[in-house]
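Structure first, commentary second.
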Amino acid sequence: MRIIKLKKDNLSPFLEIISVEADLWAPVQKGDKHVFKVVDDFSKVELNTTRTILPPRKIFLPPTFSMFNISEKGYKEDLSHIKKRILFGIHPCDIHGLLILDNLFKQAYLDPYYLEARKNTLILGLSCWPDEYCFAKSTNTHIIEEGFDLFFTDLKDFFLVWIGSSQGDDLIRLKPELFDENLTDKDIQTYINWHTERDKAYKWSINFTVLPDLIELKYMDPLWEKLGNSCLACGSCTNVCPTCNCYNIMDKQFLGGKDGKMIRHWDACTLEEYSEVAGGENFRKKRSDRLKLWYTHKLQAYISKYGKPSCVGCGRCIATCPVDINVRTVGKALLGEEEDAFWVRLNMEVTK
Amino acid sequence: MEKKIKDKLKIGIYELTGCAGDALLILDCEKELVDIFKAADIQSFLMAKSDNIDGELDVAFVEGSVSTEREKKELLDIRKRAKTVVAIGICACFGGIQAAFLDKKDWEKNFKKVYGDNKMTHTKPLQSKPIDAYIKVDYYLPGCPIDKEQFLSTFNRILRGNPPELYRFPVCVECKWNENDCLLNKDILCLGPVTRAGCGSICINHNLPCVGCWGPVENANLTSEFQLLREKGFDSDFIKKKMANFSGTGIADFLGELKGEKR
């Protein structure tokens, strides 16, 4: 893989040139957090971010969108949400998240909405520095070797830029004079130092290799009931997870005529309605059963099929769940450490 | 082609105690209003027309809570005449703000405070209750006021003989879709996790906490929400008041359970 150098000052001019023919999505500030958004003011692009509130999958499959336009003549696929896009500033863990979604949406039934959007989006990755929630080193998703067109490693004064595809190379060729082909020994040493320090910066870790067995061994453990008692079933963990992909479909008919739309929206297995079938029967009426499903999928079932967890260590569930049920606390509870970390409130004498 | 009047479903839209916001919202569907009147035979809609008929109905949409003897009688009559009854708005679904005093004694005390010893001559006042306290309700369309999109979709589905298809999850889901930062995590009293979605998380989009005006979501984990807010330092009575503000009757069992609480 070819690696070149880009001066910090040259980033904005580069982003401006490449965004002429595509929407450029990049992290921008929202309150004291960050979100991916289409940018035209390149000074607003944030380089020193951790996780965005929603993962980048929202760019490929928006929370709600129209799948079909329906009329008397029949129905027609609606791919209007798909545009030429460039996604800049996506971190290694989130690129791994997209690779996991690729596996899922490329199975027996190809998902055109996801795959077409994916085909039309260039991935320009960016290195990051972990905060107290990140644990991508535990999931081995802190580094990335595939799944990007360009990858920028931020070394303070300059970027090292990995060229991951011919489409990525085409972007460089739009203005090659912005880049420097010659790396010095000093540049390489700067990269080695950055890499060593960054790997040391992860503040906590979890042993994922033992979790599939523990999920099986502790399948009937009272721990799940405790979790269920505290879970608000708000669906936030699922909505912010970069690898969650379930959806629901609703009909939308227009008044008076025969026209309508089929709307697809994000669903979550942690929500009660998810496991309800015709006739009102519900296979997972209990919150504990739904949490068990989510964690079994992330930490056990996916591993047995693909050899790695369906968790990329982004820390979004940790940053988001109001009652501290997340991969860290559930993982630690399964390991027998800090069993009550997720729910100190249960022990508080506040209600009964 | 427009249907003949005899083929159209006969609809009535009624208002009991409330702010009339839901009926107003229906009128506010300006772009669709002609289509609404074309698609159905609107027999009664006091806010929209004067030639109202109180006959047999296919569907009655009822807004507001029952707070007088006369309204109770009117409601029982609507039920008798209508094949399907849809409660629209938080007041009809869960009692609304006027039903926040769940305890009969509390209500009597407050009634006296407001009206003193004045005699009510035209009708007998009742403790305010949602319409399902008196009649069987077929469908609920919550909101304060109801949402235009949800009303049109419900209206349309019922006209076609389908049950409404509404979001059955909490506000948090829509709130995340709108990529808001969680207010609970900022120690703000937000009722999103226990409140039904459908509003598009409009308050939180404007950095205001959810006050629960869509009513409780099915099987809301009120205990966990309450404990979480207690842990954040909110006073127990304050949390209860906030929770009961719009949907008192919807969470009456929970509030009853809390009575034996330790502080």
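The values are calculated or read from the model by the stated rules, or taken from the named source; none is laboratory data. Source: prediction; values computed, not measured. Glycine also receives a Cβ, built like all others from the backbone with ideal geometry; neighbour counts cover every protein chain displayed.
Mind checking which residues of the range A:85-113 are farther than 29 Å from A:Trp129 by Cα and touching a residue at least 12 places away in the same chain (Cβ under 8 Å)?
A:Phe105, A:Pro112, A:Tyr113
If A:Asp32 passes every condition in (1) under 23 Å from the mean Cα position of the chain (by Cα); (2) at pLDDT 95 or above but one, which one does it miss?
Unmet for A:Asp32, out of (1) under 23 Å from the mean Cα position of the chain (by Cα); (2) at pLDDT 95 or above: (2).
Just one of (1) within 25 Å of A:Tyr114 (Cα to Cα); (2) more than 11 Å from chain B (Cβ to nearest Cβ); (3) touching a residue at least 24 places away in the same chain (Cβ under 8 Å) trips up A:Val327, so point out which.
Failed condition: (1).
Taking helices (runs of 4 or more DSSP H) that fall entirely within the range A:193-306, which contain at least 1 residues that are at pLDDT 95 or above, within 23 Å of the chain's Cα centre (by Cα) and within 14 Å of chain B (Cβ to nearest Cβ)?
A:236-240, A:287-296
Condition check: touching a residue at least 40 places away in the same chain (Cβ under 8 Å) and either surrounded by 23 or more Cβ atoms within 10 Å (Cβ to Cβ) or outside any loop (DSSP other than H, G, I, E, B) (or both). Does B:Ser247 satisfy that?
Taking the combined requirement at face value, the residue satisfies it.
Any idea which of (1) under 18 Å from the mean Cα position of the chain (by Cα); (2) surrounded by 12 or more Cβ atoms within 10 Å (Cβ to Cβ) is the one A:Gly168 doesn't satisfy?
(1)
For the range B:168-190, which positions are farther than 12 Å from A:Cys321 by Cα and either in contact with a His (Cβ under 9 Å, 6 or more places away or on another chain) or hydrophobic (A, V, I, L, M, F, W, C) (or both)?
B:Phe169, B:Val171, B:Val173, B:Cys175, B:Trp177, B:Ile188, B:Leu189, B:Cys190
I need the full set of residues from the range A:233-285 which are among the hydrophobic types (A, V, I, L, M, F, W, C) and on the phi > 0 side of the Ramachandran plot, in order please.
A:Ala233
Any residue in the range A:115-127 that is within 25 Å of A:Thr50 (Cα to Cα) and assigned by TED's automatic domain parsing to the domain that holds A:Glu21 sitting within a Cβ distance under 9 Å of a residue that is part of a loop (DSSP other than H, G, I, E, B) and aromatic (Phe, Trp, Tyr)? List the pairs, counting only those 6 or more apart or interchain.
Here the result reads A:Leu122/A:Phe148; A:Ile123/A:Phe148; A:Leu124/A:Phe148; A:Gly125/A:Phe148, each pair linking the range A:115-127 to a residue that is part of a loop (DSSP other than H, G, I, E, B) and aromatic (Phe, Trp, Tyr).
List the helices (runs of 4 or more DSSP H) that sit entirely inside the range B:37-121 and contain at least 1 residues that are at pLDDT 95 or above and either of a type in the set (Gly, Ala, Ser) or not assigned by TED's automatic domain parsing to the domain that holds B:Phe151 (or both).
B:89-94
Here are B:Cys172, B:Cys203: which of them is part of a helix (DSSP H, G or I), touching a Pro at 6+ places or on another chain (Cβ under 8 Å), more than 12 Å from every other protein chain (Cβ to nearest Cβ) and without any contact (Cβ under 8 Å) to a residue 40 or more places away in the chain?
B:Cys203
Is the range B:83-102 home to any residue that is free of Cβ contacts under 8 Å to residues at least 40 places away in the same chain and more than 14 Å from chain A (Cβ to nearest Cβ)?
Yes; the residues of the range B:83-102 include at least one that is free of Cβ contacts under 8 Å to residues at least 40 places away in the same chain and more than 14 Å from chain A (Cβ to nearest Cβ).
Could you list all residues from the range A:177-192 that are in a helix (DSSP H, G or I) and in contact (Cβ under 8 Å) with a residue 12 or more places away in the chain?
Residues satisfying the conditions are A:Leu178, A:Asp187, A:Thr190, A:Tyr191.
Here is a yes/no grid of residues against (1) more than 20 Å from the chain's Cα centre (by Cα); (2) in a helix (DSSP H, G or I); (3) within 12 Å of chain A (Cβ to nearest Cβ):
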{"residue": "B:Ser128", "(1), (2), (3)": "no, no, no"}
{"residue": "B:Glu165", "(1), (2), (3)": "no, no, yes"}
{"residue": "B:Pro193", "(1), (2), (3)": "no, yes, yes"}
{"residue": "B:Cys199", "(1), (2), (3)": "no, no, no"}
{"residue": "B:Glu218", "(1), (2), (3)": "no, no, yes"}
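Quick test for you: out of A:Leu87, A:Leu99, A:Leu61, pick the one residue that is within 22 Å of A:Asn140 (Cα to Cα) and under 16 Å from the mean Cα position of the chain (by Cα).
Selected residue: A:Leu99, the only one of A:Leu87, A:Leu99, A:Leu61 that is within 22 Å of A:Asn140 (Cα to Cα) and under 16 Å from the mean Cα position of the chain (by Cα).
When you check B:Ala23 against the structure, is it crowded, with 21+ Cβ neighbours inside 10 Å, assigned by TED's automatic domain parsing to the domain that holds B:Ile90 and touching a Lys or Arg at 6+ places or on another chain (Cβ under 9 Å), yes or no?
Taking the combined requirement at face value, the residue does not satisfy it.
I'd like the residue in the range B:219-238 that is in contact with a helix residue (DSSP H, G or I) (Cβ under 6 Å, 6 or more places away or on another chain) and closer than 21 Å to B:Gly96 by Cβ and, out of all such residues, is surrounded by the fewest Cβ atoms within 10 Å (Cβ to Cβ).
Residue satisfying both the conditions and the ranking: B:Leu222.
Any residue in the range A:334-344 that is of a type outside the set (S, T, N, Q), outside any loop (DSSP other than H, G, I, E, B) and modelled with pLDDT of 90 or more?
Looking for residues that are of a type outside the set (S, T, N, Q), outside any loop (DSSP other than H, G, I, E, B) and modelled with pLDDT of 90 or more, one finds at least one in the range A:334-344, hence yes.
What single numbered condition from (1) in a loop (DSSP other than H, G, I, E, B); (2) within 11 Å of another protein chain (Cβ to nearest Cβ); (3) within 24 Å of A:Thr64 (Cβ to Cβ) fails to hold for B:Trp214?
So B:Trp214 meets the others, but not (2).
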